[in-house]
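Have a look at the structure below, then the notes.
FYI, it's all coordinate maths here, none of it is from the lab. Here the structure is a predicted model, which means the values were calculated and not measured. Counting neighbours? That spans all protein chains shown, and the Cβs are built from the backbone with ideal geometry, glycine included.
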Amino acid sequence: MKKVLLVIDYTVDFVSDEGALTCGKPGQEIENTIVSLTKKFLEENELVVLPVDLHERNDLFHPETKLFPAHNIRGTKGRELYGKLNKLYEDNKEKIIWLDKTRYSSFAGTNLQQLLSERKVEEIHLVGVCTDICILHTAVDAYNLGYEIVVYKDAVASFNSAGHEWALGHFTSSLGAKVIKNN
Ligand code: ZN
């Protein structure tokens, strides 16, 4: 079965200590696992996609404007990939697909489903942040579209530890996902 690794929102704003909406330490602790999984998928010639939140400055119409501090604004440092993933992406740009998204789910308003169906991908592997927001909403859409789902619990994180734990349970109990460890 062909698979894809979705590395969701692993940017400076969501992970770095200086990030606008950061997961902080839990987000930083998954860096090496995310990097090694990305390398593994590339070595096995499997698809790697980076769905990255995109916001415009002072967007009064975006629903997140009322909910969160401004983050992942177009053209800012906060929207760059965090840590070693940034270099790995720069070195493998011809193989990795960058996917701008403007909602929690990587499927909402993007061509992700077309990318996957063109390549006959049936299994979605999820890593990145936040477990209970963008990972969760992407997993729900993947479930509704009939994909097999794998979540790496040592490669997802959130600024809300209770939400993180709840979402890990929900992936298995309600979405039929495999929740596994890479290491
Ligand atoms: Zn956002």
Close pairs from region 84-103: first within 25 Å of residue 57 (Cβ to Cβ), partner polar (S, T, N, Q) and not in a strand (DSSP E or B), Cβ under 6 Å, at least 6 apart: 99/110; 101/110
Any hit, region 95-109, residues being surrounded by fewer than 18 Cβ atoms within 10 Å (Cβ to Cβ) and of a type in the set (Val, Ile, Thr): yes
Filtered residues of region 1-40 (kept if closer than 27 Å to residue 120 by Cβ and surrounded by 20 or more Cβ atoms within 10 Å (Cβ to Cβ)): 4, 5, 6, 7, 8, 9, 10, 34, 37, 38
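Output the residues belonging to region 28-57 that are in a loop (DSSP other than H, G, I, E, B) and either among the aliphatic types (A, V, I, L, M) or within 17 Å of the chain's Cα centre (by Cα) (or both). Even if it seems obvious, please write down each step before you answer.
Narrowing region 28-57 to residues in a loop (DSSP other than H, G, I, E, B): 30, 44-46, 54, 56-57.
Once the filter is applied, which keeps residues that are in a loop (DSSP other than H, G, I, E, B) and either among the aliphatic types (A, V, I, L, M) or within 17 Å of the chain's Cα centre (by Cα) (or both), region 28-57 yields 30, 46, 54.
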Selected residue (only one of 137, 164, 125 is crowded, with 17+ Cβ neighbours inside 10 Å, at negative phi and within 16 Å of the ligand (Cβ to nearest atom)): 137
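Results for (1) of a type in the set (A, V, I, L, M); (2) not in a loop (DSSP other than H, G, I, E, B), shown as yes or no for each residue.
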site: 94; (1), (2): no, no
site: 98; (1), (2): no, yes
site: 107; (1), (2): no, no
site: 132; (1), (2): no, yes
site: 137; (1), (2): no, yes
site: 153; (1), (2): no, yes
site: 159; (1), (2): no, no
site: 170; (1), (2): no, yes
site: 179; (1), (2): yes, yes
Region 71-82, residues that are near the ligand (Cβ under 9 Å from one of its atoms) and either out of contact with any helix residue (DSSP H, G or I) (no Cβ under 8 Å at 6 or more places or on another chain) or of a type in the set (Gly, Ala, Ser) (or both): none
Residue 60 away from the ligand (no atom under 14 Å from the Cβ), more than 15 Å from the chain's Cα centre (by Cα) and among the aliphatic types (A, V, I, L, M): yes
Residue 25, sole failed condition from (1) under 22 Å from residue 115 (Cα atoms); (2) over 12 Å from the mean Cα position of the chain (by Cα): (1)
